[in-house]
1. For the residue pair Val21 and Ala358, what label-to-label distance in nm results when each label sits 7 Å from Cα along the Cα-to-beta-carbon direction?
2. Take peptides 124-130, 358-364 and line them up by average Cβ neighbours within 10 Å, highest first, as a rough protection proxy.
3. Would you mind computing, in nm to one decimal, how far apart the modelled labels at His414 and Arg365 are, each placed 7 Å from Cα along Cα→Cβ?
4. Mind giving me the FRET efficiency for Leu236 and Leu134? R0 is 25 Å, r the Cβ-Cβ distance, nearest 0.05 is fine.
5. By count of other Cβ within 10 Å, fewest leading, how are Leu13, Leu30 ordered?
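Quick note: the coordinates plus some simple rules give every number you see, no bench work behind them. These numbers come from a predicted model, not from an experiment. No Cβ is skipped: glycine too gets one built from the backbone with ideal geometry, and neighbour counts run over all protein chains shown.
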Amino acid sequence: MSMSKLARGWADLPRDLLESVLARLPVPDLVRFPAVCTAWQSVHAAAAARLRQATPSSPWLMLPFNPTARAGGVAKLSVARFLSLAEGRVYVIRQPAPAARDRLCVGSSADGWLVTADARSELSLLNPITGAQLRLPPAATLPFVDARRGADGRVESYGLRSCFADGGGCGEEALVPTETLGPDRLRYEVYEKAIVVSAPRRVPPCSCWVGYAVLLICQPLGRLAVARAGDAEWALLDDADAPARCWVDAVRASFSGADGSRRDHQPVYTVDAAGRVDAWDTDAATTPSRAVAPPCGCSARSCAMSAACRKYLVELSPGRLLQVHRLRETAHARYAWEPRPEHMEYTTTGVELFEWTAATGLWARADGRVLGGRALYLGKSASLCVPVDVDDAGWCPGVRGGCVYFTDDGPWSHDRCHEVTPDVGVLDLDDGSYRPPRGAARDLLWKWPPPVWVFPSLAG
């Protein structure tokens, strides 16, 4: 049979049959569907809005590159590999420039968007499934970052200004000398975590991106910066003249309040190193925070100010927050030189859970039952609570409830990201076991870029 006759055969399939097939395809095949022929393109276009609003599929793990792979050249650098937890299958998807191998992911949202930092430490919003991408304001617009440019206008280095004055503001005198960083090193030293407060959406007829907002937790003092659609620069959200609170995590809240009423704006909850939680309105021009929860009364081990413990914040439901303390053991990596913090290996040993409710206003120790069959996805780039149906026919097939899915959480540095095996695994809160995600053990032998959770979506 000739190719032309075969093409006509595919194009002549009944429309209702094509719609039925379309509804059952995994996300990567949905992207390829309209390329078959014009008839399939028409069916896909008609269903586009419904597909964008469809129930999200199971999370993926974006895998590190295999430096020993034979395929090379530009093609190798422009693709990324994703492990579907539900299928145990790896998808290879081409990514837009800059090269996927040069990107460090510092944020991931349930809407399918990643916040990535390229080799010059510039930030972008990226949908790795559709290839949609938009630039965020330049790194040099952060109030404590200066760019030093060459004659061609390209950034040659960054200057990072830190201040540890009692009042928080530096005034005319910085108490710590400015640190000079290469263009690719700023992303390791400054970008602690990015939270997509609201996802981008296109507005016809110009297809402009509108409505998005990104919150950035910045080191070395854990300050908050925000960029909204149309902003040319980052703006500090917390008061630069107030003592630094050292924010360690943030999560966007639901639009519904604890009493069931709908909010006008979507607030963001932030948690500091002491376990205190504040709420912010990122839509307001001036944004004083509102105290929500007191310090978390956890164990001395969990409260230790060390890299061996990491705090995360998730919203279980309106009026219910969960604080997760990830407990880890450290060991020096086996190197010929003297071990340094950036060469430390971490192994997750367990978690401590603390629930806060609006009714009590206090933190209370909790166990795995507080999840109600849901799963947590936590790491450097994500703090998400994912609904899971026990009959495996619900929101995320293949995902187990009562488990915590972890990706590595540093502290990141250039050396550590390239030389230390990442701590990635699934912690079962019922039996305390910790194991690699199904199908990922071999790929986690590689280091760069650090693996992150991705929630595939056709939005954008």
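1. So the label points at Val21 and Ala358 sit 4.8 nm apart.
2. Numbers: 124-130: 22.3, 358-364: 12.6.
Result, highest mean first: 124-130, 358-364.
3. Each label point is offset 7 Å from its Cα along the Cβ direction, giving 4.4 nm.
4. Numbers: r = 22 Å, r/R0 = 0.88.
Given R0 = 25 Å and the Cβ-Cβ separation, E is 0.70.
5. Values: Leu13 14, Leu30 22.
Lowest to highest Cβ neighbour count: Leu13, Leu30.
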